[in-house]
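Notes follow the structure.
No lab work stands behind these numbers, since they all come straight from the coordinates. Since the model is a prediction, treat every value here as computed from it, not as a measurement. Positions of Cβ are backbone-derived with ideal geometry, glycine not excepted, and every protein chain shown enters the neighbour counts.
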Amino acid sequence: MNFAIKISSSPYHSQASDTAYHFIDAALQKGYGIYRVFFYGDGIYNALRYANPPADEREIVKRWSLLAREFDLDLVVCVSAAQRRGLLSEEENRLLGRRDSDLAEGFRISGLGQWAEAMLEADRVLVFSG
């Protein structure tokens, strides 16, 4: 079983992001595949490199990065949603005279075509929103 996952909720707005994370982690631990995780709308905040929650709160961005590294996950951030919210890739920041990427480790920016492909290739599609 291979899943395509879309997350369209901010990590601190609702439980949707945590639920998606725990579902994906459990699925991978059981040997299921995750074709792609697509972050759309406010879900792009899951990829914000400089998110710095208080010490007593969960670090969802860091958890995504670690999960991506451990399982070679394809974490894709919608380019239009990211640009609207000020999350820019290293290349886009360079064009604006900035030095680095706003994108956390393990994430990449691409378009809705990546989501369309994921829906076609996966056995099941799940959407987490809040």
- Message: Check which residues have an amide H placed less than 5 Å from Val77's amide H, if you skip close sequence neighbours.
- Response: Phe39, Arg108, Ile109, Ser110
- Message: Just to be sure I understand: of the beta bridges DSSP finds with both ends in the chain, what percent are antiparallel, rounded to 5?
- Response: 5 percent
- Message: Show me, for the range 11-18, the HN-Hα J-couplings you get by feeding each phi into the Karplus relation (A = 6.51, B = -1.76, C = 1.60, θ = phi - 60°), rounded to Hz, glycine and proline as x.
- Response: x, 10, 8, 8, 7, 4, 5, 5
- Query: Ranked from highest to lowest mean number of other Cβ atoms within 10 Å per residue, what is the order of the peptides 67-75, 119-127, 25-33, 102-110?
  - Reply: 102-110, 67-75, 119-127, 25-33
- Task: Among (i) -0.39, -0.99; (ii) -0.29, -1.05; (iii) -0.60, -1.01, find the value of log10 I(q)/I(0) by the Debye sum over Cα atoms at q = 0.10, 0.19 Å⁻¹ that was calculated from the structure presented, and write down its label.
- Result: (ii)
- Query: Which chymotrypsin sites (Phe, Trp or Tyr not before Pro) does the range 37-67 hold that lie in a coil by DSSP with at most 14 other beta carbons within 10 Å?
  - Reply: Tyr50
- Query: For the range 2-128, what's the relative contact order in percent, using C-alpha pairs closer than 8 Å and at least 6 residues apart?
  - Reply: 35 percent
